[in-house]
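K.L.:
Handing you a structure now.
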Amino acid sequence: MKDIAVLGIESSCDETAAAVVLNGREVKSNIIYSQIDIHKLYGGVVPEIASRKHIEKINYVIKEALREAEMTLEDIDAIAVTYGPGLVGALLVGVGAAKAISYAADIPLVGVNHIEGHISANYIENESLVPPFMCLVASGGHSHIVKVTDYGKYEIIGRTRDDAAGEAFDKVARALGLGYPGGPKVDALAKEGNPDAIKFPRAVVEGAPYDFSFSGLKSAVLNYLNGCAMKKTEVNRADVAASFQQAVIDVLTEHTIQAAIDNNCKQVALAGGVAANSSLREALQNVCERKGLEFFRPSNIFCTDNAAMIAVAGYHEFMNGVRSGLDLNAVPNLPIGARV
């Protein structure tokens, strides 16, 4: 049986990336140009700067991905590109490049949902992971519990009602003076603190047991810090970081495991940028072991934005007969499971 080679392109936020993946599992190359050092000067991603950098680097990462994979465009069976959700200007760079290559080289084009890409990252290193399974997607812009019913088929079980988990991490990191990106910095500082030192709230959404709400937790942290400032009380930043992080992890873990049990899923996966959080990975692993569930998560390089995950998701869409036309456009608020 002929191998199916997919060229993946990702430019939804501040990483310009391209990758070549065989048969939805074997990564032949995974090139990432990160803009973190640029955006940390501003405390977060500046969309206009991100778009300009994507334009500068997009051709370079595509050429490098093909070179490292020891392939040419003649060896590529499909081009998979993120077309949403994300920053519209950033998305347009990747979509434009993918459409140009598709037209010039006569290669089928497949538009990929960025969040579905994060879920699909789990297939790369976990051959035993097969649908159906429950997946927690936690990133800077999204917090979802998704039931993967089949390859390329998704059902949202729970979602955030306000802030995403990663967004809450970034805001608390800023309040603690840790800088950007906040997630890794909070995770590192939390290792030095006591997670039980401060009792921060764990929100429950009435009538929606799998949904999340992190705005109240974020406000509780800010109120605690403001209260300490008013009383001129010294703040143990490590304890604040650890207590905040534990509150997030408790809710994410609890809701995900309950969703898996209630939906008769024996496998649980973790995806998204927050999936790189060491404490969250450990907590989910421990609870899954206690509950008799299998736990899967990608390596850190496949948790943050990358094109290998887009190629994997694109492979399954391609095999399901999905093709995108040259009228494919960026959809910044594209929901999971939508086909535009």
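FYI, it's all coordinate maths here, none of it is from the lab. Everything numeric here is computed off the predicted structure, so don't read it as measured data. Glycine gets a Cβ as well: all are built from the backbone with ideal geometry, and neighbour counts include every protein chain shown.
K.L.:
Could you size up the charge dipole of the range 131-297 around its Cα centre, putting +1 on the beta carbon of Lys and Arg and -1 on that of Asp and Glu, and report it in debye to the nearest 20?
P.N.:
On the way: 19 positive and 19 negative charges, 56 e Å.
It works out to roughly 260 debye.
K.L.:
Run the numbers on the range 21-111 and let me know its relative contact order in percent, using alpha-carbon pairs under 8 Å that are six or more apart. Mind showing how you got there, number by number?
P.N.:
Numbers: 80 pairs, mean separation 25.5, N = 91.
This gives 28 percent for the range 21-111.
K.L.:
Mean-square fluctuation check for the chain, GNM, Cα pairs under 10 Å: which of Ser12, Ser215, Ser128 is largest?
P.N.:
Taking springs between Cα atoms under 10 Å, the residue moving most is Ser128.
K.L.:
Rounded to the nearest 5, what % of the DSSP beta bridges within the chain are antiparallel ones?
P.N.:
Details: 27 of 44 bridges.
In the chain, DSSP labels about 60 percent of beta bridges as antiparallel.
K.L.:
Sort the range 20-133 into rounded, prolate or oblate with this rule: let a ≥ b ≥ c be the square roots of the eigenvalues of the Cα gyration tensor; rounded if a/c is under 1.5, and if a/c is not under 1.5, prolate when a/b is larger than b/c, oblate otherwise.
P.N.:
Oblate is the answer for the range 20-133, as a/c is 1.5 or above yet b/c matches or exceeds a/b.
K.L.:
Applying a 10 Å radius around every beta-carbon, put 222-229, 190-197 in order of their mean neighbour count, most first.
P.N.:
Packing proxy ranking, top to bottom: 190-197, 222-229.
K.L.:
Could you tell me whether the range 131-297 comes out rounded, prolate or oblate from its Cα gyration tensor? Rule is a ≥ b ≥ c as square roots of the eigenvalues, rounded for a/c under 1.5, then prolate if a/b exceeds b/c, otherwise oblate.
P.N.:
Judged from the Cα gyration tensor, the range 131-297 comes out prolate (a/c at least 1.5, a/b above b/c).
K.L.:
Further question on the same structure: Using a ≥ b ≥ c from the Cα gyration tensor of the range 196-242 (square roots of the eigenvalues), is it rounded, prolate or oblate, where a/c under 1.5 gives rounded and otherwise the larger of a/b and b/c decides, a/b for prolate? Could the numbers behind the result be given before it?
P.N.:
On the way: a/c = 3.76, a/b = 2.33, b/c = 1.61.
The shape class here is prolate.
K.L.:
Would you mind telling me which residue in Thr82, Thr72, Thr16 has the biggest mean-square fluctuation in a Gaussian network model of the chain, where springs connect alpha carbons within a distance under 10 angstrom?
P.N.:
Thr72
K.L.:
Excluding residues on the same chain fewer than 8 positions from Lys266, give the aspartates and glutamates whose Cα lies under 15 Å from its Cα.
P.N.:
Partners within reach: Asp150, Glu289, Glu294.
K.L.:
Which whole-number percent of Cα pairs in the chain have a distance greater than 32 Å? Intermediate values should be presented prior to the final figure.
P.N.:
Values: 17036 of 57630 pairs.
In whole percent, the long-distance tail amounts to 30.
K.L.:
Let me ask another. Arranged by the count of other C-beta atoms within 10 angstrom, fewest first, what order do Thr253, Thr233 take? Each step should come with its number before you reach the end.
P.N.:
Working: Thr253 20, Thr233 9.
Ranked by crowding around the Cβ, least crowded first: Thr233, Thr253.
K.L.:
Let me ask something else about it. GNM on the chain, C-alpha springs below 10 Å: top fluctuator among Ile115, Ile107, Ile310?
P.N.:
Ile107
K.L.:
Based on DSSP H assignment, which helices of the chain show an axial Cα extent of at least 27 Å together with a mean Kyte-Doolittle hydropathy greater than or equal to 0.0? Before the final figure, lay out the partial values.
P.N.:
Details: long enough: 47-69 (31 Å, -0.60); 237-262 (37 Å, 0.35).
Counting only whole DSSP H runs, the qualifying helices are 237-262.
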